[in-house]
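Some notes on the structure that comes next.
The values are calculated or read from the model by the stated rules, or taken from the named source; none is laboratory data. Bear in mind the structure is a predicted one, so any value in this text is a computation, not a measurement. Neighbour counts run over all protein chains shown; Cβ positions are idealised from the backbone, glycine included. Surface accessibility is based on the protein's heavy atoms, side chains included, excluding ligands, DNA and RNA. Shrake-Rupley method; radii C 1.70, N 1.55, O 1.52, S 1.80 Å.
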Amino acid sequence: MNFKKALIVYRKELLELLRDRRTLFTTIILPVIMYPLLFMGFSAIMSRQSSILEKRGATVAFQDSLQTRNEATLAVRDSIFSGLQRLDYVSALPSPPHVEQLYKDKDVNAIVTVSDSLGNVGPAKYRIKVRYDASEEAGRLLFGKIEKSLTATAKNEVAARLTKLKLDKQLIDPFRIDPVDSSTSEKKMGSVLGMILPYIMILTLIAGAATVAADLVAGEKERRTLETLLVSSATRSEIVLGKYLSIFTVAMVNVLINLFSISFSLRFLLAQSGMGTQGLQMPVKAFLILLLALVPLASLFAAVLLSISTFSRNMKEARTYEQPIMMISMLLGMISFVPSVQINNLLALVPVVNIALLFKAVMINEFTLAQLLITVGSTLFLDVLAIWATVKLFNTEAVLFRKEDDSSLKITRANKRSFFNSFYGLVYFALALAALYYIGGKWQSKNLIYGLEQTQVFIILLPVLLVLRLLKLKPKEILRYNLPRWQEAALIPFIAIPAAIVVAILGQLVNLIFPYPPEYIAAMEKLFNQDVSLAMSFFVIAVLPGLCEETLFRGFLIRFFEGHSARNAVIISALLFALFHLDPFRFVPAFLLGLLLGYLTVRSGSIVNSMLSHMINNGLALFIVTFAGKHWLKPLLSGKDSFHWWVGVIALAVFVVAIGIFHKITAPREVKQCAE
Amino acid sequence: MIKVEALVKEFPKKDGTSFRAVDEVSFEAAHGEIVCLLGVNGAGKTTTMRIFSTVFQPQSGNAWIEGHSILTEGDKVRQNLGFLSGDTGLYARLNPREFITYFGRLYGVADGAIERRIEDMAKLLDMHEFLDKKLEFLSTGMKQKVSIVRSIIHDPPVMIFDEPTAGLDILTARNIISFIRDCKQREKCVLFSTHIMREAERLADRIIIIHQGKILASGTLEALRGESGMTDLDDVFVFFVNQAAEEIKVAANEF
């Protein structure tokens, strides 16, 4: 790798981008003029709103509906009226004729009607009806003024009554509220900015990257310049690096220009409105940390968008593929608007969300170094992965020279005519997931055990059999409902039990770093401690999932992805299996289990192996929870229900040996299957 | 020089089988020689040349450019190679000077040398009036001149022209043809592909007839005429294609 050549590519790309009016406009000119205009527009509208009453004034009609007319009631009425008369910009009319018509014509903006005592016991009480139009800003403002005036009058009335009773007027005010704001102006500013800034930064970051990414490779393909570049003596990695740096630069420049323009406009606006910018200091240190944290994210976006650009045949296609990435990033970035969500070690692993929440925390100076490191580290990890993928794509001639007649998404391509293609597989999975979430969730909230049974049978198992029936396909053949050889089946416990133990220990390790939330543990315990017999629990937790989930994932869904290679099919079905659990904490264990189960089925040609394995896996969890207190299980466990680490070592050894034997004894069948 | 040994290139097809675009191709080309790959569209000419320029990797076989293997010494191969085709695009927002300098730098040529070469070539090809205009405003002929300079900016010993006159008007095509002749005079090893018989006839020292990925015949025009008993190159070409088809039929019948 010659860095100098990457720089040559980089410089040329920037030169070209600078000469592109479209890029120049969206990344530099637009932000520079947009924010001042936007903010000035806002301030104009806002000042207009507050001056509505001042300018136009308002008229309040005052109606007297008193039944009891004596000195006292009339005095109260008069003091209410004079209170209204004293309102700024408001004129009060005493009992005008045709008041309804006036109100309709908006000559009168509110009607205040005083009527009599409610109830005959106790001191006099008046009912004051205020009619106004709450759908209008002016109406609401007017009501606020009227209410304030009435409250003041009421207070005076109480004071008068107290004096009459020879009591201290001070009785009205038992409390005096004295708010003392302990937040520094920096923190105050930070909490506001912490909500808006992350979103704007992420938005401008990806928008900036997206303006140029499509052009850099897909554009070169479209204009037929790519081959010339490939023929030059720059290596593919150098070309990728140069182009990647260009996207990165544009993304960062776009963010900086946007931020600069925002802060400038904001200051201008505040200064103009007379609020002054004193005390409203941008937390400089925080800002620097943010820029640093933004670097890996910019780099990630650059790499992802570059790989999309590389994969696409032309700019139009690249833009189409960019859309979902941008949508998802923007939605994830919006997390900073949710008031209660705060960064923790687990959320620090989720891309985009982590940066958004870190910004929020940094702005009010409440974050840990671990969170910063995990955020930057995990983003960098994905970043390296994305760059690696881009280089790999760039070295794949089938991608770089995709022809116009290739269908655009590679995965939908395999066996387009047959039912079992990847696209239909994903559609079926999406439908099943939706059914699980909406219907299954409802069933399970009514009655957990019964709901789980229904879900397994009606959502997971039966639709598969129904689809096969409708398509007149043989379930036995498609779903691999074959009996395994006895040697295979005998090995399954030696595979499934140690595998479950190893995964459980992995889970324990993860739990050390990212502890499960207590409500999650409670929900899990609830599942395992149902008020039903152990046999019933075993049936619902182990047997049914073993039969139904295996039929769906290892029997049915895996078939959709076998077009490319059996290995891909196993990996994809395991991924879907993990997603299906709708549980971030179980994602990795479920994925690992899915890999094992997929392998067992595809390798042996019998789904019974994975069904047994699945049942043993789930059954083991139930077993541990049920018998955790028993003395004969104690030596294996540390704490309540976690394994000693040495159990894991033994389990791993047993697993490796057993899977080795399984691999060996299933080998001939594999060959036979290929021949078929 | 170019040396090619049993080159095979296959592309995967949608139905899972593969399509053999280049089938056991072997030949050599020396300095001061113009060799023509003659074949119809889809015969495997472009694929073969893309393997030489290391854009494609062959499934088997090997080729050497100035003694550097395309499999293991991609950088050196590209450094010794000038590549020009009829339909390459150019960066619209750069001017010819910037465009050529960009590639010169990528080839590691010093800036001073790039400048000198641009001046020399501009004089030769009459390019001075548009050297500093943006490429998007240039005519096809002007662009092709820019591409010519780009392809030799690093003074490569081997030149490859892939259908260099495809889609060009007669005057522009003439520029290219005289440039190819010029390359021969400068003792470069020249390989060009075409489906136009006249071009092959006029330019080539040796002609390699390629069809469906296979080399059917190769030699000087005279040798090919002698072998086929035809005089017109069109007829010569059709003769060899028919002969190959016959051989396949015979082979099929023997089974």
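Key figures
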read-out	value
Relative contact order [Cα under 8 Å, 6+ residues apart], chain A, whole percent	11
Length added when fully stretched, A:L512-A:A535, from 0.36 nm per residue minus Cα-Cα	5.0 nm
Where Cα atoms sit under 17 Å apart: lysine pairs in segment A:184-403 separated by 8 or more or lying on different chains	10
Heavy-atom accessible area per residue - chain A, 1.4 Å, Å²	54
Mean residue ellipticity (222 nm) of chain A, computed from DSSP H runs ≥ 4 via -39,500 (n - 2.57), nearest 500	-21000 deg cm²/dmol
Residues along segment A:210-229 losing 50 Å² or more of accessible surface when the other protein chains are present rather than the chain by itself (probe 1.4 Å)	A:R224, A:T225, A:E227, A:T228
Segment A:312-377: Rg to Rh, with Rh as the Kirkwood radius over Cα pairs	1.14
With Cα atoms, 0 to 90° folded angle of helix A:518-528 axis to chain A main axis	50
Percent RCO, i.e. relative contact order, over segment B:43-86, from Cα pairs under 8 Å lying at least 6 residues apart	31
Lysine pair number, Cα distance threshold 22 Å (strictly under), segment A:55-172, separation 8 or more or different chains	22
Estimated buried accessible area (total), pair A and B, 1.4 Å, Å² to nearest 100	3000
Chain B - percent relative contact order, Cα under 8 Å, separation 6 or more	26
Pairwise FRET efficiency - B:E115 versus B:T140, Cβ, R0 = 30 Å, nearest 0.05	0.70
Calculated FRET value between B:K214 and A:K664, using beta carbons and R₀ = 60 Å, to 0.05	0.85
Degrees separating the helix B:140-152 axis from the principal Cα axis of chain B, which is the longest one	80
Segment A:S638-A:V295, extension gain: residue separation times 0.36 nm, minus the distance between their alpha carbons	119.2 nm
Separation in nanometres of the label points that stand 7 Å from Cα toward Cβ, at A:A523 and A:A152	5.4
Tilt relative to chain B, helix B:170-185 - C-alpha long axis, 0 to 90 degrees, to 10	80
Quotient of Cα Rg and 2.2 N^0.38 Å for chain B, N being how many residues it contains	1.07
Value of D in µm² per second that Stokes-Einstein yields for chain A, Kirkwood Rh from Cα pairs, at 25 °C (0.890 mPa s)	77
Bridge type composition, the protein assembly as shown - antiparallel percent by DSSP, nearest 5	45
Per DSSP, loop trypsin sites (Lys or Arg not before Pro) in segment B:1-109 with at most 10 further Cβ within 10 Å	B:K13
